[in-house]
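Presented below is the structure to which this report refers.
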Amino acid sequence: MYQGVLDLHSYWAYAVLVFLLLAIINAFVALSSKRAFLPKDRQISMLALIFTHVQFVIGLVLLFVSAKMDVAKQLGMGEVMKNAELRKVLVEHPFINLIAIVLITIGWSKHKRTEDSTAKFRKIAIFYAIGLILLLSRIPWDQWLS
């Protein structure tokens, strides 16, 4: 089960990155051209939001079925924090990704409450970009690309 969830989490991450990049690029292009916020813009942003939330849920499932979590329970939190690999996978990766997803969700919520197209695109561009940067900063690249 673990390997299947890990594979799903890894492959779903590509879709998350693609949709986030699309939403961010779309928002910045629309900002520079000063065009109106269209239903397709909403759909692109919503897909990015949905894919990030699904990825986080898959990640939580993965976290709790992971053998590393069993090791962490045996070692204790003090030892986990001393071990760079365990700390990154069990603490930094989930926590920073949670912050990223909260920021993306805030960007989505703020854009919905705004009437002005420029402000809508600005909120999507800023919050989604910060979220993407945080996500990219905590991807365990050595495990993901191997």
Those residues of the stretch 6-56 that are over 19 Å from Leu103 (Cα atoms) and of a type in the set (Phe, Trp, Tyr) come to a total of 4
Of the residues in the stretch 1-35, those that are closer than 21 Å to Ala125 by Cβ and not in a loop (DSSP other than H, G, I, E, B) number 19
Of those in the stretch 89-146 that are assigned to a loop (DSSP other than H, G, I, E, B) and of a type in the set (A, V, I, L, M), the residue surrounded by the most Cβ atoms within 10 Å (Cβ to Cβ) is Ile139
Quiz item: Somewhere in the stretch 78-96, is a residue modelled with pLDDT of 95 or more, among the aliphatic types (A, V, I, L, M) and on the phi < 0 side of the Ramachandran plot?
Solution: yes
Over the stretch 1-52, the set of residues closer than 21 Å to Arg113 by Cβ and of a type in the set (Asp, Glu) is Asp41
Residues of the stretch 1-35 being under 22 Å from Ile133 (Cα atoms), among the aromatic types (Phe, Trp, Tyr) and either at pLDDT below 95 or surrounded by fewer than 20 Cβ atoms within 10 Å (Cβ to Cβ) (or both), in sequence order, are Tyr11, Trp12, Tyr14, Phe28
Requested in this report: For the stretch 36-50, indicate whether the set of residues that are outside any helix (DSSP H, G or I), surrounded by fewer than 17 Cβ atoms within 10 Å (Cβ to Cβ) and in contact (Cβ under 8 Å) with a residue 12 or more places away in the chain is non-empty.
Outcome: yes
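The values are calculated or read from the model by the stated rules, or taken from the named source; none is laboratory data. Bear in mind the structure is a predicted one, so any value in this text is a computation, not a measurement. Neighbour counts run over all protein chains shown; Cβ positions are idealised from the backbone, glycine included.
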